[in-house]
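Notes to accompany the following structure.
The values are calculated or read from the model by the stated rules, or taken from the named source; none is laboratory data. Because the structure is predicted, anything quoted here is derived from the model rather than measured. For neighbour counting, all protein chains shown are included, and Cβ atoms are generated from backbone atoms with ideal geometry for every residue, glycine included.
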Amino acid sequence: MNASLTPVKPAAASAKVRAPKSACRMTVIGAGPSGLSATAHLRGAGIETRTFGEPMSFWRGHMPTGMKLRSAWDASNFSAPGGRYSLNEYAATGAIRRTAPIPIEDFIHYGEWFQRQTVPDLDRRKVLRVEGIGDRFRILLEDGERFDSESVVVATGLLNQEFVPEVFRGLPPELVSHTAGHIDLGRFKGQRVAVIGRGQSAVESAALLAESGAEVELISRGEIRWIGWEGAKTMMHWMRAPSGVGPFPLDWLVEVPHVVRLWPHALREKFSKRCLRPAAAGWLAPRMGGVRYKPGRVVVSAKPEGTGIALVFDDSSRASADHVLLATGYSLDVAKPGILSASLLERVRMQTGTHCPALSAHLESSVPGLYFTGASAVPAHGPLLRFVAGVGYSARAIAKGAAARKGRG
Ligand SMILES: Cc1cc2nc3c(=O)[nH]c(=O)nc-3n(C[C@H](O)[C@H](O)[C@H](O)COP(=O)(O)OP(=O)(O)OC[C@H]3O[C@@H](n4cnc5c(N)ncnc54)[C@H](O)[C@@H]3O)c2cc1C
């Protein structure tokens, strides 16, 4: 192994390490909506790009079967040059029908189709490590292959970024788990499940659990905020900005991330928090019949009790459950996935008060050639980057930045 590489974790340690192959211009890590769209635009700009990851793996492996998208049809397009490979174009092949809300299975198939059209040579291997070597990056893959790259786009999404409130930390997974750990909520049939949260994921998980025969209690600090949706042809729906991120009229500001980026950090942070606060799509409301819901409670203690778990709330009331399902969202820290070496991370300037990078207009970090897209770009570019609706903006910005670098190079 090259002495300059930090020792890698056990899976890699056992892998056979091969010498670096030829250098490549751009490496994209991640094959979700952000990584695939970035690749399409980079290649469109004539930049040689290698892309790694399992296509749509977060959607396939960390969201529940039966889920439906909160984002509307027109806000759920991947992005390629010339507006190609949209959901409408996929629907025109006859593979899916335009529906509202969109079933997750249709969206996964759309993502895989987009990948076949735009990145047919996708490399499904995992990237284990990225090291800064001079003005380049050395990439280590799971099978031990190494190669150098002039630039890197980190598009690894929400993987390993789950937020677990302090009170639930250290409890066994049979008693407490995060929504990201489940595809099949049917496994809780006949059990008493306490769902913590009040956003889309909490409300939809509660509905899916109740529909599959679990006894469900939804526990949250405050009331559920219901938001309109595409199928509800109300006046408010027609006034909303296309992406539907944030409350009206702030949603219109969300649409201009290049402007939001220029705001003072404190203002942008407040704005993002306001636009990303927990809310659930109105179409879920009729499905809540089988869910017990008492808002205004905070869990202050959670302890194993018999085969289940005992909960104490801030008003001293109590509850018990067989399992607690945390729909408590994600807390972004670019160090957590463990891909970027410590010495590289040290060179990445973070956005004040966050563990996410400060980024240029081209989503380039303080390390020249190292780009970030998706959720980790929210502190720098605002809430649109958290959603599929933001992938066109980020992909175009990265491609523009990389093309300018290539020109300079
Ligand atoms: C329950 C839930 C529901 C959501 N619903 C919506 C919705 O309705 N509409 C919406 O717009 N957004 C929704 N989101 C947000 C959604 O996650 C993002 O919009 C979208 O996934 C962002 O795409 P991405 O490519 O940045 O990340 P991801 O989709 O998470 O893709 C990350 C990619 O990185 C790859 N990867 C990770 N680590 C490595 C590695 N070491 N090596 C190689 N590859 C790696 C993964 O395999 C994957 O391909 C939802 C999120 C959750 C949790």
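Things to note:
- Looking across the stretch 142-153, just one residue is within 24 Å of the chain's Cα centre (by Cα) and away from the ligand (no atom under 14 Å from the Cβ), and that is Ser151.
- Test: residue in the stretch 65-74 that is surrounded by fewer than 23 Cβ atoms within 10 Å (Cβ to Cβ), more than 7 Å from the ligand (Cβ to nearest atom), under 30 Å from Asp148 (Cα atoms) and among the β-branched types (Val, Ile, Thr): no
- Some residue of the stretch 193-201 being more than 16 Å from the ligand (Cβ to nearest atom), more than 22 Å from the chain's Cα centre (by Cα) and outside the structural domain of Ala377 (by TED's automatic domain parsing): yes
- Of residues in the stretch 75-92 being buried (at least 18 other Cβ atoms within 10 Å of the Cβ) and more than 8 Å from the ligand (Cβ to nearest atom), the one nearest to Asp251 (Cα to Cα): Asn77
- Residue within the stretch 153-165 that is under 23 Å from Ser341 (Cα atoms), buried (at least 21 other Cβ atoms within 10 Å of the Cβ) and not aliphatic (A, V, I, L, M) present: yes
- Ser177 being within 16 Å of the ligand (Cβ to nearest atom), closer than 22 Å to Thr39 by Cβ and among the hydroxyl-bearing types (Ser, Thr, Tyr): no
- Unique match (being over 22 Å from the mean Cα position of the chain (by Cα), near the ligand (Cβ under 10 Å from one of its atoms) and either more than 29 Å from Ser341 (Cα to Cα) or not charged (D, E, K, R) (or both)) among Ile139, Ile219, Ile133: Ile139
- In summary, Pro383 fulfils each of the numbered conditions (1) surrounded by fewer than 23 Cβ atoms within 10 Å (Cβ to Cβ); (2) within 18 Å of the chain's Cα centre (by Cα) with the single exception of condition (1).
- Among the numbered conditions (1) within 15 Å of the ligand (Cβ to nearest atom); (2) at pLDDT 95 or above; (3) surrounded by fewer than 20 Cβ atoms within 10 Å (Cβ to Cβ), the only one that Ala100 does not meet is (2).
- Wholly enclosed helices (runs of 4 or more DSSP H) of the stretch 215-306 bearing at least 2 residues among the charged types (D, E, K, R) and touching a residue at least 24 places away in the same chain (Cβ under 8 Å): 265-275
- Filter pass, Ala375 being in the same structural domain as His178 (by TED's automatic domain parsing) and surrounded by 14 or more Cβ atoms within 10 Å (Cβ to Cβ): no
- Test: residue in the stretch 335-349 that is outside any loop (DSSP other than H, G, I, E, B), under 16 Å from the mean Cα position of the chain (by Cα) and surrounded by fewer than 18 Cβ atoms within 10 Å (Cβ to Cβ): no
- Test: residue in the stretch 307-327 that is under 22 Å from the mean Cα position of the chain (by Cα), touching a residue at least 24 places away in the same chain (Cβ under 8 Å) and assigned to a loop (DSSP other than H, G, I, E, B): yes
- Restricting the stretch 113-136 to residues that are acidic (Asp, Glu) and exposed (fewer than 15 other Cβ atoms within 10 Å of the Cβ), the residue that is modelled with the highest pLDDT: Asp121
- Of all the residues in the stretch 143-177, those that are closer than 15 Å to Val28 by Cα and either part of a loop (DSSP other than H, G, I, E, B) or modelled with pLDDT under 95 (or both) number 3.
- Answer from Glu131, Glu174, Glu145, Glu150 - the residue that is within 27 Å of Ser331 (Cα to Cα), assigned by TED's automatic domain parsing to the domain that holds Leu340 and of a type in the set (Asp, Glu): Glu131
- The stretch 20-54: number of residues that are surrounded by fewer than 22 Cβ atoms within 10 Å (Cβ to Cβ), within 14 Å of the ligand (Cβ to nearest atom) and over 13 Å from Ile139 (Cβ atoms): 1
- Any chance Arg125 is touching a strand residue (DSSP E or B) at 6+ places or on another chain (Cβ under 6 Å), within 12 Å of the ligand (Cβ to nearest atom) and within 23 Å of His41 (Cα to Cα): yes
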